[in-house]
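For reference, the structure is listed below as structure tokens.
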Amino acid sequence: MSVHTPEDARKVTTRRLCEMKQRGEKISMLTSYDYTMAEIVDKAGIDVILVGDSASNVVAGNVTTLPITLDQMIYHGKSVVRAVKRALVVVDMPFGSYQTSDVEAVQNAIKVMKITHADALKLEGGVEIIDAVKKILAAGIPIMGHLGLMPQSINKYGTYTVRAKDDEEAEKLIADAKLLEEAGCFALVLEKIPAKLAERVAKELTIPVIGIGAGGAVDGQVLVLHDMLGLTQGFTPRFLRRYADLNSVMTEAVQHYISDVKSCDFPNTQEQY
Ligand code: KIV
């Protein structure tokens with residue numbers, strides 16, 4: 001197993017991500033929602049940390065990302081930013097915080113940036129939200145777009161299956177991707193779309209395209225930390241590679257502790273005052 005250590009200890013910026021795309025260096029991105037995890041992920045050398053609204057699923061136990069609030073995202077964002085020295089920190093704008101009006105979108109975006117001190121925000125959608133995207137960008141806030149499977153729209157789709165398999169949806173996705181780039185987004189996430197389509201988008205855009213379930217011909221990859229560490233169970237999409245089985249490690253540690261407590265093995269004489 002080859003282990004990556006970043007040669008460049010400088011803080012990752014949106015500009016450096018574009019330079020990485022230009023020189024063909026793949027971008028690594030993972031989610032984090034709290035201080036302890038973010039510190040580990042940052043020290044390991046990740047390029048981008050996403051404070052994803054997937055916190056709604058993996059931290060709060062909701063079925064979808066829809067219930068998480070702006071204040072909850074701010075809480076997670078602040079916790080992560082406190083831990084991070086090198087990675088670019090991107091915070092997801094939650095469902096309902098940017099779709100109602102452009103004014104509200106900008107106010108909410110400014111609130112997230114002011115309180116969390118994050119580096120950028122991520123919004124789901126294309127032409128439908130382009131005015132809000134432009135207004136937030138005009139306020140000087142960098143935006144990462146998100147197209148393909150957009151979990152905040154799950155009630156519209158009714159399924160988490162692969163998106164943009166037909167020509168009409170694929171053409172709309174390409175048009176939306178170009179619109180987001182023209183508006184000034186610094187990067188784009190493509191979730192669960194055919195690899196050939198993602199490859200085409202990455203080739204046609206100059207900004208970095210980061211995939212999750214979008215194949216290997218994009219400029220970087222993102223996974224949900226709890227999934228790739230094997231903490232979550234029962235979620236087994238084809239695109240998910242598990243790098244550890246922390247669920248078993250934790251279960252064994254907790255069971256060991258319980259049996260030590262029950263048998264009076266813990267604490268021993270060296271573990272008391
Ligand atoms: O919220 C999240 O974790 C995400 C990733 C799946 C890209 O948006």
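The values are calculated or read from the model by the stated rules, or taken from the named source; none is laboratory data. In this text, all values refer to a predicted model and were calculated from it rather than measured experimentally. Cβ: placed from backbone, ideal geometry, glycine included. Neighbour counts: every protein chain shown. SASA here: full protein model, heavy atoms, side chains in, ligands and nucleic acids out. Shrake-Rupley method; radii C 1.70, N 1.55, O 1.52, S 1.80 Å.
Some values worked out for this structure:
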{"quantity": "Test: residue in segment 101-123 that is open to solvent by 40 Å² or more (accessible area, probe 1.4 Å), within 26 Å of Tyr160 (Cα to Cα) and free of Cβ contacts under 8 Å to residues at least 60 places away in the same chain", "calculated": "no"}
{"quantity": "Residue that is most open to solvent (accessible area, probe 1.4 Å) [pool: residues in segment 214-260 that are small (Gly, Ala, Ser) and in a loop (DSSP other than H, G, I, E, B)]", "calculated": "Gly234"}
{"quantity": "Criterion: closer than 23 Å to Thr31 by Cα, modelled with pLDDT of 95 or more and touching a helix residue (DSSP H, G or I) at 6+ places or on another chain (Cβ under 8 Å) - qualifying residue of Ala177, Ala170", "calculated": "Ala177"}
{"quantity": "Failed item, numbered, when Ile129 is tested on (1) within 16 Å of the ligand (Cβ to nearest atom); (2) in contact (Cβ under 8 Å) with a residue 40 or more places away in the chain; (3) of a type in the set (A, V, I, L, M)", "calculated": "(2)"}
{"quantity": "Thr100 away from the ligand (no atom under 16 Å from the Cβ), over 20 Å from Glu191 (Cα atoms) and among the hydroxyl-bearing types (Ser, Thr, Tyr)", "calculated": "yes"}
{"quantity": "Flag for Val91 being modelled with pLDDT of 95 or more, away from the ligand (no atom under 12 Å from the Cβ) and either within 21 Å of Leu223 (Cα to Cα) or more than 16 Å from the chain's Cα centre (by Cα) (or both)", "calculated": "no"}
{"quantity": "Within segment 1-36, considering residues that are open to solvent by 10 Å² or more (accessible area, probe 1.4 Å) and touching a helix residue (DSSP H, G or I) at 6+ places or on another chain (Cβ under 6 Å), the one nearest to the ligand (Cβ to nearest atom)", "calculated": "Leu30"}
{"quantity": "Positions within segment 179-197 being closer than 24 Å to Leu223 by Cα and without any contact (Cβ under 8 Å) to a residue 60 or more places away in the chain, in sequence order", "calculated": "Leu180, Glu181, Cys185, Leu188, Leu190, Glu191, Lys192, Ile193, Pro194, Ala195, Lys196, Leu197"}
{"quantity": "Filter result (open to solvent by less than 60 Å² (accessible area, probe 1.4 Å) and out of contact with any Asp or Glu (no Cβ under 9 Å at 6 or more places or on another chain)) within segment 165-175", "calculated": "Glu169, Ala170, Leu173, Ala175"}
{"quantity": "Residue among Ile212, Ile193 that is out of contact with any Cys (no Cβ under 8 Å at 6 or more places or on another chain), within 19 Å of Ile49 (Cβ to Cβ), β-branched (Val, Ile, Thr) and modelled with pLDDT of 95 or more", "calculated": "Ile212"}
{"quantity": "Residue satisfying all of: in segment 37-63; open to solvent by less than 30 Å² (accessible area, probe 1.4 Å) and of a type outside the set (A, V, I, L, M); nearest to His226 (Cα to Cα) among these", "calculated": "Ser54"}
{"quantity": "Yes/no for Ala83 being away from the ligand (no atom under 15 Å from the Cβ) and at pLDDT 95 or above", "calculated": "yes"}
{"quantity": "Residues within segment 186-213 that are part of a loop (DSSP other than H, G, I, E, B) and surrounded by 24 or more Cβ atoms within 10 Å (Cβ to Cβ), tallied", "calculated": "2"}
{"quantity": "Members of segment 200-243 found to be hydrophobic (A, V, I, L, M, F, W, C) and either farther than 23 Å from Ala164 by Cα or touching a Ser or Thr at 6+ places or on another chain (Cβ under 7 Å) (or both), listed by number", "calculated": "Val224, Leu225, Met228, Leu229, Leu231"}
{"quantity": "Residue in segment 158-174 that is under 23 Å from Thr14 (Cβ atoms), assigned to a strand (DSSP E or B) and hydrophobic (A, V, I, L, M, F, W, C) present", "calculated": "no"}
{"quantity": "Test: residue in segment 61-84 that is acidic (Asp, Glu) and touching a helix residue (DSSP H, G or I) at 6+ places or on another chain (Cβ under 7 Å)", "calculated": "no"}
